[in-house]
Amino acid sequence: MKEKLIKMLAEYRNIPENEVETDVPFSKMGLDSLDMAEFVMKLEEELNISLQISKKYDTLDKFAEYIESVSKS
């Protein structure tokens, strides 16, 4: 899941995949709340799941774990 998120986030931000830091808060990568809402909508559509935006999933690593737990439900 993490690799897929890296690719999708890189495409969304129009940056190389190797510039996506998985342990840095999204806000430090330049994503504001509107960006996150748009990114989550793309993920929901792509993965056909419903996701919640929460500050406790503030890094790509944490968000990937959350998505994997939701996908198993």
Q: Extending each Cα 7 Å along its Cβ direction at SER50 and VAL24, get the distance between those two points in nm, one decimal.
A: 3.4
Q. Assuming a viscosity of 1.567 mPa s and a temperature of 4 °C, what translational diffusion coefficient in µm² per second does Stokes-Einstein assign to the chain, Rh being the Kirkwood radius over Cα pairs?
A. 106
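Every read-out reported here was derived from the displayed coordinates using simple, explicitly stated rules and does not represent laboratory data. Everything numeric here is computed off the predicted structure, so don't read it as measured data. Cβ sites come from the backbone with ideal geometry, for glycine too, and all protein chains shown count toward neighbours.
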